[in-house]
Amino acid sequence: IGVGLVGFGLFFLLFGVLLYFDSVLLAFGNILFISGLIFIIGFRRTFTFFFQRLKLKGSSFFFGGLIVVLMRWPILGMLLEAYGFITLFR
């Protein structure tokens, strides 16, 4: 279930970007991606991954971008999410 949710999340993110940053598709893709990650590694490990002291900057940018996308500013939100994603996984 988790891998399917992550796959659909990435599909909706890609499709949202291809359709000139459609905010509904991007928001749906983000929600599916996060829920799939929770299904794959568990709630506790997901929480500890995102809220480690060293990764707090990346997590704040990632979730801040998610909130900005949900507020229908998709280009700025995706830029914030991309920076947060790069900061989290470097």
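Output the residues belonging to the range 69-90 that are at negative phi and part of a loop (DSSP other than H, G, I, E, B).
Filtering the range 69-90 down to residues at negative phi leaves 69-71, 73-90.
Answer for the range 69-90, where residues must be at negative phi and part of a loop (DSSP other than H, G, I, E, B): Met71, Trp73, Phe89, Arg90.
Selection over the range 15-36 of residues that are open to solvent by 40 Å² or more (accessible area, probe 1.4 Å) and assigned to a helix (DSSP H, G or I) gives a count of 6. Of all residues in the range 37-58, those that are in a helix (DSSP H, G or I) and among the basic types (Lys, Arg) total 3.
When Arg44 is tested against (1) at pLDDT below 95; (2) open to solvent by 40 Å² or more (accessible area, probe 1.4 Å), just one condition goes unmet, and that condition is (1).
For the range 51-72, which positions are over 20 Å from Phe28 (Cα atoms) and either touching a residue at least 12 places away in the same chain (Cβ under 8 Å) or within 11 Å of the chain's Cα centre (by Cα) (or both)? Give the derivation first.
At the first step, the residues of the range 51-72 found to be over 20 Å from Phe28 (Cα atoms) are 51-58.
Those that are over 20 Å from Phe28 (Cα atoms) and either touching a residue at least 12 places away in the same chain (Cβ under 8 Å) or within 11 Å of the chain's Cα centre (by Cα) (or both): Lys55, Lys57, Gly58.
Checking Phe61, Phe12 one by one, the residue that is assigned by the TED database to the domain that holds Phe85, modelled with pLDDT of 95 or more and assigned to a helix (DSSP H, G or I) is Phe61 and no other. Pairs only if they're at least six apart or on different chains, beta carbon under 9 angstrom, first in the range 11-27 and without any contact (Cβ under 8 Å) to a residue 40 or more places away in the chain, second among the polar types (S, T, N, Q); list them, first residue then second. If the second residue must be among the polar types (S, T, N, Q), the pairs left are Phe12/Asn30; Leu13/Asn30.
The values are calculated or read from the model by the stated rules, or taken from the named source; none is laboratory data. Given the structure is predicted, the values throughout are model-derived calculations rather than measurements. So basically every Cβ, Gly included, is an ideal-geometry build from the backbone, and we count neighbours across all protein chains shown. To get the accessible areas, we keep the full protein, side chains included, count just its heavy atoms, and leave off ligands, DNA and RNA. Shrake-Rupley method; radii C 1.70, N 1.55, O 1.52, S 1.80 Å.
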